[in-house]
């Protein structure tokens, strides 16, 4: 697999994990689950399938120093810097353009820096199966086998079986479905024909750019020009001059929902997007009363407390609470019920609207 590359998208903000996740130190840079940052964990689990030379990082300039410190084994030229965020569509196109310029035969796995995966070997095996199918002209997506009727994820509708590769069955994708309401999510789960959209895609770089050409011709032309300047002194200047006019759009909307020859591999890899405090709680080790604790303070007083997450470096005392999230930082304190953690994003928006930038 000498032409197989992993491209980690590491530029997101993680606003639902405020106040721990901030603009200058978003969730992928934090040790939310393990002792190392989510980004470093994402890099480490790719070995031995990918050597450091075949791992690329797409991120923002203000994150570059920290990410390079966390993964010094990755070559400097493999860090691809967006001038500023334009959503996942342009980020993916930029990364693919650079990789394709250096290796026209490249197949690229688009991955994320902020997902939690417990079954690392199964994850690498799934990527290998996806690489095999990509050589046959398919665009692969890893579909997460759903465990409950989630309304927080998009879904992939699987069709006819294509073939079995190792332990993985590959299916034609009938299309992507937006986040459903509760009734529709229950139908999806009961049918057995749907998986959660993980946002992980595997495709030949040439096929990816062909999809941009067919569906986003203006964006395609822009990235062809950027690709011509890769590894030349004009690259940064060319990128800066074009970037302001690049359309802001997600990768799903830009090409994936309308892509041809899409296939899905349902996987059980112990996956979580760790997109909120309640989802972080779900992957942490719990005590006998269902409580989870994070932070450098080993001492805590817990009385009549159940199914609660406490994230703090201070001594925290809890008495008579159930299903609560407590997140303590030097300048902010969050207390909310586990059922309301999706609303944390609204708090961030309110702070933005009131120009309380120091808390963002």
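The values are calculated or read from the model by the stated rules, or taken from the named source; none is laboratory data. Quick caveat: nothing in here was measured; it's all calculated off a predicted structure. All Cβ positions, even for glycine, are placed from backbone atoms using ideal geometry, and neighbour counts span all protein chains on display.
Which count do you get for residues in the stretch 125-151 that are part of a strand (DSSP E or B) and more than 17 Å from the chain's Cα centre (by Cα)?
Here is the first cut: in the stretch 125-151, the residues part of a strand (DSSP E or B) are 139-144.
From the residues that got through so far, the ones that are more than 17 Å from the chain's Cα centre (by Cα) too are 139.
Final tally of qualifying residues: 1.
Restricting attention to the stretch 77-92, which residues are within 17 Å of residue 54 (Cα to Cα), touching a helix residue (DSSP H, G or I) at 6+ places or on another chain (Cβ under 7 Å) and assigned to a helix (DSSP H, G or I)?
Listed by number, the list holds a single entry, 92.
Given the structure, is residue 192 assigned by TED's automatic domain parsing to the domain that holds residue 264 and at pLDDT below 95? Give the derivation first.
Values: assigned by TED's automatic domain parsing to the domain that holds residue 264: yes; at pLDDT below 95: yes.
Criteria met by residue 192.
Checking the condition part of a loop (DSSP other than H, G, I, E, B) and within 29 Å of residue 279 (Cβ to Cβ), which residue from 16, 68, 22 passes? Can you show your working first?
Details: 16 fails: part of a loop (DSSP other than H, G, I, E, B); 68 fails: part of a loop (DSSP other than H, G, I, E, B).
Checking each option against the conditions leaves just 22.
Residue-by-condition table, conditions (1) outside the structural domain of residue 258 (by TED's automatic domain parsing); (2) touching a residue at least 24 places away in the same chain (Cβ under 8 Å); (3) farther than 19 Å from residue 9 by Cβ; (4) in contact with a strand residue (DSSP E or B) (Cβ under 6 Å, 6 or more places away or on another chain):
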position: 74; (1), (2), (3), (4): no, yes, no, yes
position: 89; (1), (2), (3), (4): no, yes, no, no
position: 125; (1), (2), (3), (4): no, yes, yes, no
position: 135; (1), (2), (3), (4): no, yes, yes, no
position: 138; (1), (2), (3), (4): no, yes, yes, yes
position: 144; (1), (2), (3), (4): no, yes, no, yes
position: 157; (1), (2), (3), (4): no, yes, yes, yes
position: 165; (1), (2), (3), (4): no, yes, yes, no
position: 168; (1), (2), (3), (4): no, yes, yes, yes
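Check whether at least one residue in the stretch 189-205 is in contact with a helix residue (DSSP H, G or I) (Cβ under 7 Å, 6 or more places away or on another chain) and farther than 20 Å from residue 158 by Cβ, and report yes or no. Before you say what the answer is, go through the steps one by one.
The initial filter retains those residues of the stretch 189-205 that are in contact with a helix residue (DSSP H, G or I) (Cβ under 7 Å, 6 or more places away or on another chain), namely 194, 201-205.
Next, from what is left, pick out any that are farther than 20 Å from residue 158 by Cβ: 204-205.
So far as the stretch 189-205 goes, yes, one or more of its residues are in contact with a helix residue (DSSP H, G or I) (Cβ under 7 Å, 6 or more places away or on another chain) and farther than 20 Å from residue 158 by Cβ.
Looking at 343, 273, can you tell me which residue is without any contact (Cβ under 8 Å) to a residue 40 or more places away in the chain and either under 25 Å from the mean Cα position of the chain (by Cα) or assigned by TED's automatic domain parsing to the domain that holds residue 150 (or both)? Before the answer, list the steps.
Working: 273 fails: without any contact (Cβ under 8 Å) to a residue 40 or more places away in the chain.
So the residue among 343, 273 that is without any contact (Cβ under 8 Å) to a residue 40 or more places away in the chain and either under 25 Å from the mean Cα position of the chain (by Cα) or assigned by TED's automatic domain parsing to the domain that holds residue 150 (or both) is 343.
Can residue 43 be described as buried (at least 20 other Cβ atoms within 10 Å of the Cβ), over 30 Å from residue 293 (Cα atoms) and either touching a residue at least 40 places away in the same chain (Cβ under 8 Å) or under 16 Å from the mean Cα position of the chain (by Cα) (or both)? Outline the logic, then answer.
On the way: buried (at least 20 other Cβ atoms within 10 Å of the Cβ): yes; over 30 Å from residue 293 (Cα atoms): no; either touching a residue at least 40 places away in the same chain (Cβ under 8 Å) or under 16 Å from the mean Cα position of the chain (by Cα) (or both): yes.
When the stated conditions are applied, residue 43 does not pass them.
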